[in-house]
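The values are calculated or read from the model by the stated rules, or taken from the named source; none is laboratory data. The structure displayed is predicted, hence computed values, not measured ones. Glycine also receives a Cβ, built like all others from the backbone with ideal geometry; neighbour counts cover every protein chain displayed. We work out accessible area using only protein heavy atoms, side chains counted, and drop any ligands, DNA or RNA first. Shrake-Rupley method; radii C 1.70, N 1.55, O 1.52, S 1.80 Å.
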Amino acid sequence: TVRQQVYARLKTPLVTLVHGGTVEQGYATLKHIALLVSRAPAVFAEEHKAFFLRFNEPTYVKLVKLDILTAIATARNVAEIAEEVSEYITDVDVA
């Protein structure tokens with residue numbers, strides 16, 4: 001559909017903005033991505049590594065990223081996502 005084509009064109013710039021700039025800018029971008037993912041999760045499925053958590057991120061950023069990861073999980077990437085998320089269980093939240 002046209003909507004998915006537009007989302008696909010937005011994907012790269014949005015993922016770039018998540019990690020560039022301030023934490024607040026990244027969070028706002030993540031919230032926009034979460035909205036797009038709710039409408040077309042397959043568009044961001046191949047970019048799942050961009051949503052892996054970083055140890056120094058605030059908790060509110062980590063929670064949005066986890067929501068996105070659960071929404072974009074597919075048969076092709078679920079094993080890698082599950083392996084990554086399982087490592088977070090033992091991590092201490094430093095934020």
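The table below lists the values:
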quantity: Search result, residues across region 29-41 that are under 12 Å from the mean Cα position of the chain (by Cα) and among the aliphatic types (A, V, I, L, M); calculated: L30, I33, A34, L35, L36, V37
quantity: Long-range neighbours under 6 Å by Cβ, at least six apart or interchain, first residue free of Cβ contacts under 8 Å to residues at least 24 places away in the same chain within region 19-42, second among the hydrophobic types (A, V, I, L, M, F, W, C); calculated: T29/L14; T29/L17; T29/V18
quantity: Residue check for V85: at pLDDT below 95, among the β-branched types (V, I, T) and either closer than 19 Å to A8 by Cβ or open to solvent by less than 100 Å² (accessible area, probe 1.4 Å) (or both); calculated: yes
quantity: Positions within region 49-70 being more than 20 Å from K11 (Cβ to Cβ) and either among the hydrophobic types (A, V, I, L, M, F, W, C) or within 10 Å of the chain's Cα centre (by Cα) (or both), in sequence order; calculated: F55, K62, L63
quantity: Residue check, A79 in contact (Cβ under 8 Å) with a residue 24 or more places away in the chain and at negative phi; calculated: no
quantity: Hits in region 38-87 (condition: over 23 Å from G20 (Cβ atoms) and hydroxyl-bearing (S, T, Y)); calculated: S38, T70, T74, S86
